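Presented below is the structure to which this report refers.
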Amino acid sequence: MDPAFWRSRWQDRKIGFHEGVPNTFLAKYADQFSGCRRILVPLCGKTEDLAFLASRGHEVVGIELVETAVREFFTEHGITPEVTHQDGFAVYSAGSITVLAGDFFTTTPALVGDVDGIYDRAALIALPGELRARYVQHLRAIAPAATRMLLVTVDYPQELMEGPPFSVDEAEVRARYTNAPIELLDQGADPRNRAEGTLVEKCYFIQLTAARPTP
């Protein structure tokens, strides 16, 4: 998907994907990250989930294309981050939270650092089908040591709306994370009543296998 699409969404304030509070499933199942030191949140926007995870003692690293969203996160929390630049990214850091402002697909393991958990609420479902396989492949490449993942998807008849969010059903989740034990923890009606009330949010726990970084 063209980066200009997401920049225009933020510029026009069409950010219905921003919940404004910690995600219900994350709050309910955050203990799945017990023992994780550092958690990656891809395509994070300005989600409150960053602060929620940090409040539970985790170090958190987010990746967000639109720098406006990154600045808004820190401003809304009354935090003045340190801003540096590395490999084409603006790196915003304050306390246990770091957010990389730039293109997810150009991130590297060196930029992300060591992470042992991944939380994906609005990344996989933000991408059309032709990009989702590439996304998962790159996610595993930049976080090879991660062994725990919470994934929140939406599932609905795709013909009801164009997306994003795009529908990702359980069969696709299992196909994207082949050979990883996957548990459907919970599901519920979409609180924003998109797709004519037929959209269902689902939360999965995925037990990843740590792998060596790709050279």
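The values are calculated or read from the model by the stated rules, or taken from the named source; none is laboratory data. This structure is a prediction, so every number in the text was calculated from the model and none was measured. Glycine also receives a Cβ, built like all others from the backbone with ideal geometry; neighbour counts cover every protein chain displayed.
Quickly run through segment 141-154 and pick out the residues that are surrounded by fewer than 17 Cβ atoms within 10 Å (Cβ to Cβ) and part of a helix (DSSP H, G or I).
Ala141
Examine segment 27-47 for a residue that is under 17 Å from Pro81 (Cα atoms), charged (D, E, K, R), buried (at least 17 other Cβ atoms within 10 Å of the Cβ) and at pLDDT below 95, and state whether such a residue exists.
Yes, because at least one residue in segment 27-47 is under 17 Å from Pro81 (Cα atoms), charged (D, E, K, R), buried (at least 17 other Cβ atoms within 10 Å of the Cβ) and at pLDDT below 95.
Residues to consider are Ala54, Ala69; find the one that is touching a residue at least 40 places away in the same chain (Cβ under 8 Å), assigned to a helix (DSSP H, G or I), touching a Lys or Arg at 6+ places or on another chain (Cβ under 9 Å) and not aromatic (Phe, Trp, Tyr).
Just a single option satisfies the conditions, and that option is Ala69.
Which one of the conditions (1) charged (D, E, K, R); (2) modelled with pLDDT of 90 or more; (3) in contact with a strand residue (DSSP E or B) (Cβ under 7 Å, 6 or more places away or on another chain) does Asp190 fail to meet, given that it meets all the rest?
(2)
How do the pairs read when you match residues in segment 151-173 that are at positive phi with residues anywhere that are at pLDDT 90 or above and surrounded by 15 or more Cβ atoms within 10 Å (Cβ to Cβ), using Cβ under 8 Å and keeping only pairs 6 or more apart or on different chains?
Gly163/Ile125
Among Asp116, Asp120, Asp190, Asp186, which is in contact with a Gly (Cβ under 9 Å, 6 or more places away or on another chain), in contact (Cβ under 8 Å) with a residue 60 or more places away in the chain and of a type in the set (Asp, Glu)?
Of Asp116, Asp120, Asp190, Asp186, the one residue that is in contact with a Gly (Cβ under 9 Å, 6 or more places away or on another chain), in contact (Cβ under 8 Å) with a residue 60 or more places away in the chain and of a type in the set (Asp, Glu) is Asp116.
Considering only residues that are of a type in the set (A, V, I, L, M, F, W, C) and not in a strand (DSSP E or B), look in segment 85-105 and name the one that is surrounded by the fewest Cβ atoms within 10 Å (Cβ to Cβ).
Phe105
Every residue in segment 43-100 that is more than 15 Å from the chain's Cα centre (by Cα), of a type in the set (A, V, I, L, M) and within 23 Å of His138 (Cβ to Cβ), please.
Ala90, Val91 - these are the residues of segment 43-100 that are more than 15 Å from the chain's Cα centre (by Cα), of a type in the set (A, V, I, L, M) and within 23 Å of His138 (Cβ to Cβ).
Quick one: count up the residues across segment 72-84 that are surrounded by fewer than 17 Cβ atoms within 10 Å (Cβ to Cβ) and in a helix (DSSP H, G or I).
Residues meeting the conditions: 3.
Just checking, does segment 98-112 include any residue being at pLDDT below 95 and touching a Ser or Thr at 6+ places or on another chain (Cβ under 9 Å)?
Taking every residue of segment 98-112 in turn, none turns out to be at pLDDT below 95 and touching a Ser or Thr at 6+ places or on another chain (Cβ under 9 Å).
Of everything in segment 155-187, what is under 15 Å from the mean Cα position of the chain (by Cα) and assigned to a helix (DSSP H, G or I)? Give them in sequence order.
Within segment 155-187, just Val173 meets the criteria.
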